[in-house]
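Trainee: Let me give you the structure first, and then I'll get to my questions.
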Amino acid sequence: MSPQEQRHPGDDPGTVSGSTPGTAPGAASDGPGPGDGTLAVRAGLPDPVKHEPTLPGPVFAAHFHLPGDPTGPYTYGRDENPTWTHLERALGTLEAPGEPGVETVVFASGMAAVSAVLLSQLSAGDAVVLPTDGYQALPLLHEQLRAYGIEVRTAPTGGDAQLAVLEGARLLWIETPSNPGLDVCDIRRMVAEAHAAGVLVAVDNTLATPLGQRPLELGADFSVASDTKGMTGHGDVLLGHVACRDPQRAAEVRRWRKIVGAIPGPMEAWLAHRSLATLQLRIDRQCATALELARVLAGHPDVTGLRHPGLPDDPSHAVAARQMRRFGSVVSFELADRARAERFLEELRLVDDATSFGGVRSSAERRGRWGGDAVAEGFIRFSVGAEDPADLIADVLRALDAARKAG
Ligand SMILES: Cc1ncc(COP(=O)(O)O)c(C=O)c1O
């Protein structure tokens with residue numbers, strides 16, 4: 001039995017929270033189980049032990065006492081660690097509340113988690129369908145997959161276009177909402193068609209987090225995320241995870257982690273678990289402010305190409321409203337050109353010019369500076385933090401004004 005499979009009281013907290021403004025219908029609680037805030041603060045905690053802390057501190061161990069036959073759960077530090085176990089249980093609870101069978105494997109980064117699924121599930125002669133508009137490191141993986149004899153097909157996220165190239169594939173990789181374009185595909189439909197064709201489905205759920213959407217409940221085989229973003233939320237930890245129901249597939253992913261050694265440090269894992277306690281507070285605030293900012297930007301003369309799945313007239317809204325419980329903390333838009341966008345970023349006082357997203361401190365960047373995304377020179381990816389909404393929106397409006405005046 002892996003440490004994950006042991007049943008746990010923290011997986012089963014008792015009370016139900018109320019509904020939350022600024023989120024999709026049913027966001028705070030999907031039915032009779034505990035609400036998201038309750039899940040987040042209790043998730044993965046061990047049984048109370050007198051004189052022990054609520055969340056045990058990080059266990060720093062390269063190896064564990066192991067007389068006799070080498071039986072688990074804890075043998076060698078690259079295989080398992082008690083701090084990972086607590087975090088994996090917590091993440092599993094959030095991915096699929098009330099389903100103790102879901103297994104979660106934590107990784108050193110989101111890319112380690114992404115690669116673990118792709119490289120543990122695919123072999124030479126297989127075909128994989130990836131999005132054309134996904135995270136910009138995916139094309140690096142294309143090269144690697146092709147070098148291993150795997151056929152890589154791509155199609156855009158929007159309009160469920162990946163379905164058109166599904167035939168005979170082994171795995172469909174979905175990223176919804178996509179980063180940075182914020183297009184959305186219909187997970188239920190993609191899963192139904194893929195499974196009918198014998199194709200596995202993995203969803204990169206980084207942008208939404210499990211509070212925004214639960215891919216396993218929507219039928220996916222794997223829910224994958226960079227926990228560097230909203231899940232940990234403080235911009236100080238790199239981490240990733242894979243969750244899945246099938247124990248065999250979970251074992252394959254775990255085996256991949258052992259082979260490659262893409263393991264999180266115990267300190268990072270502990271920090272991540274500690275951060276989960278505030279997940280619902282952070283995500284609710286950030287998503288609500290993101291929608292408010294998007295509404296303000298929708299009426300601004302300098303802004304074009306505005307995207308946020310929570311806006312009723314966004315092309316993604318209808319599908320997003322069916323499958324998302326919160327619409328995310330990212331807003332994308334375009335300014336006239338590169339110079340205007342750079343000026344806007346310089347003028348912001350409460351928003352860091354930095355990459356990444358999902359953190360409590362707002363950040364924004366001119367995405368075209370990396371060269372990997374098919375975006376206009378003036379394209380801004382804006383990650384909304386936990387500042388007071390009025391302060392943040394005032395800062396954005398002032399910076400837009402100043403950027404226009406500078407010509
Ligand atoms: C959608 C998405 N997936 C995966 C990753 C990779 O995560 P990490 O940077 O933690 O390796 C990122 C990073 O930005 C991302 O945005």
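Trainee: Can you give me the number of residues within the range 129-144 that are more than 16 Å from the ligand (Cβ to nearest atom) and either under 23 Å from the mean Cα position of the chain (by Cα) or of a type in the set (A, V, I, L, M) (or both)?
Mentor: Residues in the range 129-144 being more than 16 Å from the ligand (Cβ to nearest atom) and either under 23 Å from the mean Cα position of the chain (by Cα) or of a type in the set (A, V, I, L, M) (or both): 1 in total.
Trainee: For the range 199-218, give me each residue that is closer than 14 Å to residue 241 by Cβ and among the charged types (D, E, K, R).
Mentor: Result: 204, 214.
Residue by residue, here is whether (1) more than 22 Å from residue 308 (Cα to Cα); (2) modelled with pLDDT under 95; (3) in contact with a strand residue (DSSP E or B) (Cβ under 6 Å, 6 or more places away or on another chain); (4) not assigned by TED's automatic domain parsing to the domain that holds residue 294 holds:
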site: 19; (1), (2), (3), (4): no, yes, no, yes
site: 27; (1), (2), (3), (4): no, yes, no, yes
site: 30; (1), (2), (3), (4): yes, yes, no, yes
site: 39; (1), (2), (3), (4): yes, no, no, yes
site: 46; (1), (2), (3), (4): yes, no, no, yes
site: 52; (1), (2), (3), (4): yes, no, no, yes
site: 57; (1), (2), (3), (4): yes, no, no, yes
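Trainee: Any chance you could count how many residues in the range 279-332 are among the polar types (S, T, N, Q) and farther than 23 Å from residue 188 by Cα?
Mentor: Qualifying residue count for the region: 5.
Trainee: Another question about this same structure. Would you mind finding the one in 367, 361 that is touching a Pro at 6+ places or on another chain (Cβ under 6 Å) and either closer than 23 Å to residue 402 by Cβ or buried (at least 23 other Cβ atoms within 10 Å of the Cβ) (or both)?
Mentor: Selected residue: 367, the only one of 367, 361 that is touching a Pro at 6+ places or on another chain (Cβ under 6 Å) and either closer than 23 Å to residue 402 by Cβ or buried (at least 23 other Cβ atoms within 10 Å of the Cβ) (or both).
Trainee: A further question follows. Can you pull out the strands (runs of 3 or more DSSP E) entirely within the range 198-287 that have at least 1 residues that are in the same structural domain as residue 35 (by TED's automatic domain parsing) and among the polar types (S, T, N, Q)?
Mentor: Values: elements: 200-204, 222-226, 240-244.
Per the criteria, 222-226.
Trainee: Give 160, 204 a once-over and let me know the one that is more than 14 Å from the ligand (Cβ to nearest atom), out of contact with any Gly (no Cβ under 6 Å at 6 or more places or on another chain) and under 27 Å from residue 332 (Cα atoms). Talk me through it step by step, then tell me what you get.
Mentor: On the way: 204 fails: more than 14 Å from the ligand (Cβ to nearest atom).
Unique residue meeting the criteria: 160.
The values are calculated or read from the model by the stated rules, or taken from the named source; none is laboratory data. Fair warning: this is a prediction, and the values are worked out from it, not measured in the lab. All Cβ positions, glycine included, derive from the backbone under ideal geometry; neighbour counts span all protein chains shown.
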